[in-house]
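Report on the structure given below.
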Amino acid sequence: MSSGGGDGAARESFGSSRGFILAAVGSAVGLGNMWRFSYTAAEGGGAAFVFLYIALTLLIGIPIMLAEMAAGRSGRLSPIGALRKAGGKGWAPMGFLYVLSGLLILSYYSVIAGWTVRYAIEAIVSGFPADSGAHFTAISTGPAAMGFHLLFMGLTMAIVMGGVEKGIERASTLMMPALFVILVGLAMWAFTLDGAGEGYAYYLTPTWGDILDGPTFAAAAAQAFFSLSLGMGAMLTFASYLGKDQNLPKEATIISFADFGVAFIAGLVVFPIVFALGLQNDVSESTVGALFIALPGAFSEMGAGRLVGSLFFIALLVGALTSAISLLEVVVSSVIDEFDITRKKATLYAGGLIATLGLASAYDTNILGVIDAIAGELFLVIGGLGLAILVGYRMKGAREELEMGTTPFFKVGLDVVFFFLRYVVPPIVIFVIYDRLMNVINVVQTTWFAG
Ligand code: TRP
């Protein structure tokens, strides 16, 4: 095992703090923001949910993100090595859990991203088909779905092979600003639609009672984990490519609010469109279905639908790609560090394995749903709890690590962060773990053992 990269070379690094922030925002902003957030918000109390979500971002999101960053930058290693170094040998298995989560999440994430590739291409080439439901059923599984999944994995691997600065940083620096501009443009356009008012009302009407409901609370917390890319070492890995002069508390704050901002704006795009065409009933069926059925259905009926829809799916694709990069990088950097092989080989092996695993989700969306419930929710919250305990109680020098490169304002904030990591994050996350475990059992039962 070497402490640096493959071939004993010096560890790679980001070229600038802006590049790091964009890559981390790129990781956070993805399929989770563009649909799941607004959908969960609408179902879970509207504006009340938005407040709850912001509170959870502050209470558990930022502290866990900082815990990941502290372990990553101080170890300058990928998850397995970094956790071993921060906590001792006994913590290495958690690093393996992280790598496993990365493998599993990317395997199905890439299938959904593959649908997105297809929709973006079709929108540009031929427009949206009138019967969007039948279209989705036809393309979501089977050989075509597998083909687009493999295409997307190929794209992701090509970027990760380019390395941290020339691959990941460059791709994010080009793509993230474009995504943001497209999304704001779409939100402004959506504002002019006839159903906009109703759409906003559906999205944001506060029902405060809903957020006191246990499952809503747990769903919000799990959504925050997924959306902020926490609990499986993505932020840890990116931070391992940083210098000591970076102001981590400030950067974690920027990343978290950028992620929330994009999710919030996406809702301002989605709901006016859905309500302008009276498609609200299609929305409540399933989260993924709504994104790939209700919206395309709306695009097929609107005058500007083809242009707007093309832009929407391009933005979605960009978000998915920068997120997939970070998922793959966790696995690749671990393979590089543990087996001491080149980045190119590591990317081929890890990417090839993930691409193969993903065929199962492209074959049957029930498999996709089950893996999402297990790895995309349960594993992440388990990983987050472990990290809070490791950095809050055990790791030496975590506080000093986070103070390096920061300002007095954020130093005061760190007192709060460590208090939260010790006393606030664990009880909340234990409740969420329980809730998500029940959800996994429920999903498995209704998928395969119903009736
Ligand atoms: N955050 C991304 C999204 O919202 C998905 C993602 C990327 C992710 N990297 C991750 C989720 C690491 C959990 C862990 O779509």
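The values are calculated or read from the model by the stated rules, or taken from the named source; none is laboratory data. All values reported here derive from a predicted model rather than from experimental measurement. Cβ placement follows ideal geometry from the backbone for every residue including glycine, while neighbour counts extend to all protein chains displayed. For accessibility, only protein heavy atoms count, side chains too; no ligands or nucleic acids. Shrake-Rupley method; radii C 1.70, N 1.55, O 1.52, S 1.80 Å.
Please specify each residue of the range 420-451 satisfying the condition of being open to solvent by less than 60 Å² (accessible area, probe 1.4 Å) and either among the hydroxyl-bearing types (S, T, Y) or touching a Cys at 6+ places or on another chain (Cβ under 9 Å) (or both). Explain how you work it out, then say what you get.
Step one: list which residues in the range 420-451 are open to solvent by less than 60 Å² (accessible area, probe 1.4 Å), which gives 420-421, 424-426, 428-429, 432-433, 435-436, 439-440, 443-444, 447.
Residue satisfying the conditions is T447 alone.
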Which listed residue, of S310, S334, S361, is within 14 Å of the ligand (Cβ to nearest atom) and assigned to a helix (DSSP H, G or I): S334
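Restricting to the range 213-239, count the residues that are within 15 Å of the ligand (Cβ to nearest atom) and either of a type in the set (S, T, Y) or open to solvent by 10 Å² or more (accessible area, probe 1.4 Å) (or both). Working first, answer last.
Of the residues in the range 213-239, the ones within 15 Å of the ligand (Cβ to nearest atom) are 219-239.
Narrowing further to those that are either of a type in the set (S, T, Y) or open to solvent by 10 Å² or more (accessible area, probe 1.4 Å) (or both): 219, 226-227, 229, 237.
The total comes to 5.
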Residue list for the range 26-49, filter: open to solvent by 10 Å² or more (accessible area, probe 1.4 Å) and over 25 Å from G369 (Cα atoms): A47
All but one of (1) crowded, with 24+ Cβ neighbours inside 10 Å; (2) within 14 Å of the ligand (Cβ to nearest atom) hold for F20; which doesn't? (2)
Checked the range 152-206 for anything open to solvent by 50 Å² or more (accessible area, probe 1.4 Å) and in contact with a Lys or Arg (Cβ under 9 Å, 6 or more places away or on another chain); matches are M161
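Can you tell me which residues in the range 33-62 are away from the ligand (no atom under 16 Å from the Cβ) and in a helix (DSSP H, G or I)? It would help to see each step written out before you state the result.
First pass over the range 33-62, keeping only residues away from the ligand (no atom under 16 Å from the Cβ): 42-52, 54-55, 58-59.
Result: A42, E43, A47, A48, F49, V50, F51, L52, I54, A55, L58, L59.
State yes or no: is L179 within 14 Å of the ligand (Cβ to nearest atom) and modelled with pLDDT of 95 or more?
Values: within 14 Å of the ligand (Cβ to nearest atom): yes; modelled with pLDDT of 95 or more: yes.
Criteria met by L179.
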Within the range 325-335, residues being farther than 20 Å from T173 by Cβ and open to solvent by 10 Å² or more (accessible area, probe 1.4 Å) number 1
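Kindly check whether there is at least one residue in the range 110-119 that is out of contact with any strand residue (DSSP E or B) (no Cβ under 8 Å at 6 or more places or on another chain) and away from the ligand (no atom under 16 Å from the Cβ). Quick ask: steps written out before the conclusion?
Just the residues of the range 110-119 that are out of contact with any strand residue (DSSP E or B) (no Cβ under 8 Å at 6 or more places or on another chain), to begin with: 110-119.
In the following step, the residues that additionally are away from the ligand (no atom under 16 Å from the Cβ) were identified as 118-119.
Looking through the range 110-119, at least one residue is out of contact with any strand residue (DSSP E or B) (no Cβ under 8 Å at 6 or more places or on another chain) and away from the ligand (no atom under 16 Å from the Cβ).
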Helices (runs of 4 or more DSSP H) lying entirely in the range 368-419 (those with 3 or more residues that are surrounded by fewer than 19 Cβ atoms within 10 Å (Cβ to Cβ)): 398-403, 408-419
Does V318 qualify as being within 26 Å of the chain's Cα centre (by Cα), open to solvent by less than 40 Å² (accessible area, probe 1.4 Å) and free of Cβ contacts under 8 Å to residues at least 40 places away in the same chain? no
Residue count, the range 435-451, condition in contact (Cβ under 8 Å) with a residue 40 or more places away in the chain and not aliphatic (A, V, I, L, M), comes to 5
